[in-house]
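The values are calculated or read from the model by the stated rules, or taken from the named source; none is laboratory data. Predicted model, so just to flag it, every value in this text is computed and none were measured. In this analysis, Cβ positions are derived from the backbone assuming ideal geometry, glycine residues included, and neighbour counts consider all displayed protein chains.
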Amino acid sequence: MARNKVQDELVEFIAGFTHDPLGFVLAAFEWGKGELSEFQGPDQWQREILAEIGERLRAGELSVQEAIQVAVASGHGIGKSALVSWIIIWAISTHEDTKGVVTANTENQLKTKTWAEVAKWFRLCITRSWFELTATALFSKDADHEKTWRIDMVPWSERNTEAFAGLHNKGKRILLVFDEASAIHDLIWEVSEGALTDSDTEIIWCCFGNPTQNIGRFRECFGKFKHRWITRQIDSRTVAMTNKVQLQKWVDDYGEDSDFVRVRVRGVFPSSSSNALIGPEDIEAAQARHYNEHQYNFAARILGVDVARQGDDSSMIFPRQGKVAFKPRQLRIPDTMLVANAVGQAMAKFKPDATFVDATGGYGVGVIDALRQTNHNPIEVYFSGKATDPRYFNKRSEMWFEMAKWIKDGGALPNDSELAEELAAATYTFQGDKFRLCDKDDIKDVIGRSPDKADALALTFAFPVAPSMKHIHPSFEQRGVATEYEPLDHA
């Protein structure tokens, strides 16, 4: 009886921290004693994150309508895994029938670091008798809640997204944790985001990691999607528990502004390194630009057409006029005649002053021939051909460098995450004294697909084009935000 009374009191005590994760962490562990004898509680940055989650939860107590999303980029050794563990244990301990999923960049990281840290803190927690911890899950010991009150450790896979797509728990609490989030594939982010749509549900999505990559959804939490996320970038030197001597050695060896120190010490994403053609900041700025019609309608209209070479690639039709690149049209059709027909329709609608079609490998030649047979006048471009400017290794390098200049000098890009990723993944080297863009397959290795959109846009820079007056016609009545105009709609 006494034991039940003690448990009842513990339940009531812990329930008081339902919307107070910082209070829970301070109360649920014996700080200053035993294994924690050298610690008096969380570090300041950890306290701030826990407090922020609590404040958001309390602010939404009467109307839970959107997820609380936290993204933390950091240097090494700051206690990130400890914070992940506290959030997991708090979430499941303070809300009945909480459901959650925890994943990491690799299965080894997930098992040997993330989940191992969870096991350590679970063993030290005053609520440990309520739950069962296995190699893959933390769940209620109550048989009636074993399936509904649990957090699962799930290695992610592009071929197996069900655990993330099925994360629903209407009226209760959902927790999603990404550890070393920079290396988790964008597909998992997209599936997870689509699943977190339950109304009147506490949804908490926490992403942590070293900022190792300048592309991808983790990077975008601090860029184009920053307005949706609670973000922190933690310099390891500001955290009490880190090895300051080792951190200073890294700074001395590599330099304060080196990418090594930016990522591993400062918690800052890599700079646009010497071999990156276009930095993410330039791309984000271009996607945020707006032009009205009068600012570009005097310029030449150009279509760039990249023709698919393989079954998993797409043909792209990309319209551009002056400083504005419009939304491209994607064609997943293998028949060159059908592609040519779509390009012909786009030409009839957009009325370009020039249409540049990729003729590399012969696939585009069939499209070009079909267009000429229907009285169109496309201009063939060979990516591997000789550049007009002798500074460039080939035509593709020249077109991409011209595109990069345009982006940095005020070009406006459509809000397209795939295009942004393709542009940011491009690097270059020197072939003798010539600039050489990385191969298409190199970009495909990084992002998992061919850079068809970026190649199509690059084609609009194949050669200088003089504008004609034919594009000033009554049907062109777009006003306002230029990048929202879609000249190929229904083409």
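Quick grid of which residues meet (1) charged (D, E, K, R); (2) in contact with a strand residue (DSSP E or B) (Cβ under 8 Å, 6 or more places away or on another chain):
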| site | (1), (2) |
| --- | --- |
| ILE379 | no, yes |
| SER397 | no, yes |
| LYS405 | yes, no |
| ASP416 | yes, no |
| ALA425 | no, no |
| ASP442 | yes, yes |
| ASP452 | yes, yes |
Inside the range 251-272, can you point out the residues that are at pLDDT 85 or above, assigned to a helix (DSSP H, G or I) and under 27 Å from GLU220 (Cα atoms)?
-> VAL251, VAL261, ARG262, VAL263, ARG264, VAL265, ARG266
Among the residues of the range 357-370, which ones are modelled with pLDDT under 95 and not charged (D, E, K, R)?
-> ALA359, THR360, GLY361, GLY362, TYR363, GLY364, VAL365, GLY366, VAL367, ILE368, ALA370
Which condition number does THR388 fail, the rest of (1) more than 27 Å from the chain's Cα centre (by Cα); (2) among the polar types (S, T, N, Q); (3) surrounded by 17 or more Cβ atoms within 10 Å (Cβ to Cβ) being met?
-> (3)
Among the residues of the range 79-93, count how many are surrounded by 24 or more Cβ atoms within 10 Å (Cβ to Cβ) and part of a loop (DSSP other than H, G, I, E, B).
-> 0
Among residues of the range 18-41, those that are more than 41 Å from the chain's Cα centre (by Cα) and assigned to a helix (DSSP H, G or I), counted = 1
Please verify whether the range 319-328 includes one or more residues that are touching a residue at least 12 places away in the same chain (Cβ under 8 Å), crowded, with 18+ Cβ neighbours inside 10 Å and among the aliphatic types (A, V, I, L, M).
-> yes
Is it true that ILE126 is assigned by TED's automatic domain parsing to the domain that holds ARG173, in contact (Cβ under 8 Å) with a residue 24 or more places away in the chain, part of a loop (DSSP other than H, G, I, E, B) and within 30 Å of VAL6 (Cβ to Cβ)?
-> yes
Filter the range 116-166 for residues that are of a type in the set (Phe, Trp, Tyr) and either out of contact with any helix residue (DSSP H, G or I) (no Cβ under 6 Å at 6 or more places or on another chain) or at pLDDT 95 or above (or both) and give the result.
-> TRP121, PHE122, TRP130, PHE131, PHE139, TRP149
Could you check how many residues of the range 274-287 are part of a loop (DSSP other than H, G, I, E, B) and surrounded by 15 or more Cβ atoms within 10 Å (Cβ to Cβ)?
-> 3
Only one of these is under 25 Å from LYS386 (Cβ atoms), touching a residue at least 12 places away in the same chain (Cβ under 8 Å) and either surrounded by 16 or more Cβ atoms within 10 Å (Cβ to Cβ) or not assigned by TED's automatic domain parsing to the domain that holds TYR382 (or both): SER271, SER315. Name it.
-> SER315
Which members of the range 136-182 meet the condition of being hydrophobic (A, V, I, L, M, F, W, C), within 20 Å of the chain's Cα centre (by Cα) and surrounded by fewer than 18 Cβ atoms within 10 Å (Cβ to Cβ)?
-> ALA165
Among strands (runs of 3 or more DSSP E) entirely inside the range 313-370, those with 1 or more residues being acidic (Asp, Glu) and under 24 Å from ALA466 (Cα atoms) are 354-358
Report, by residue number, each residue of the range 346-368 that is of a type in the set (A, V, I, L, M, F, W, C) and under 9 Å from GLU380 (Cβ atoms).
-> PHE356, VAL357, ALA359, VAL365, ILE368
Exception for ILE203 within (1) in contact (Cβ under 8 Å) with a residue 40 or more places away in the chain; (2) farther than 17 Å from VAL101 by Cα falls at (2)
Condition check for ALA420: touching a Pro at 6+ places or on another chain (Cβ under 9 Å) and either in the same structural domain as TYR291 (by TED's automatic domain parsing) or part of a strand (DSSP E or B) (or both) | yes
Could you tell me whether ALA15 is farther than 27 Å from ARG237 by Cα, over 35 Å from the mean Cα position of the chain (by Cα) and surrounded by fewer than 18 Cβ atoms within 10 Å (Cβ to Cβ)?
-> yes
Return the residue satisfying two criteria in turn: it lies in the range 399-439 and is touching a helix residue (DSSP H, G or I) at 6+ places or on another chain (Cβ under 8 Å) and without any contact (Cβ under 8 Å) to a residue 40 or more places away in the chain, and of such residues it is surrounded by the most Cβ atoms within 10 Å (Cβ to Cβ).
-> GLU422
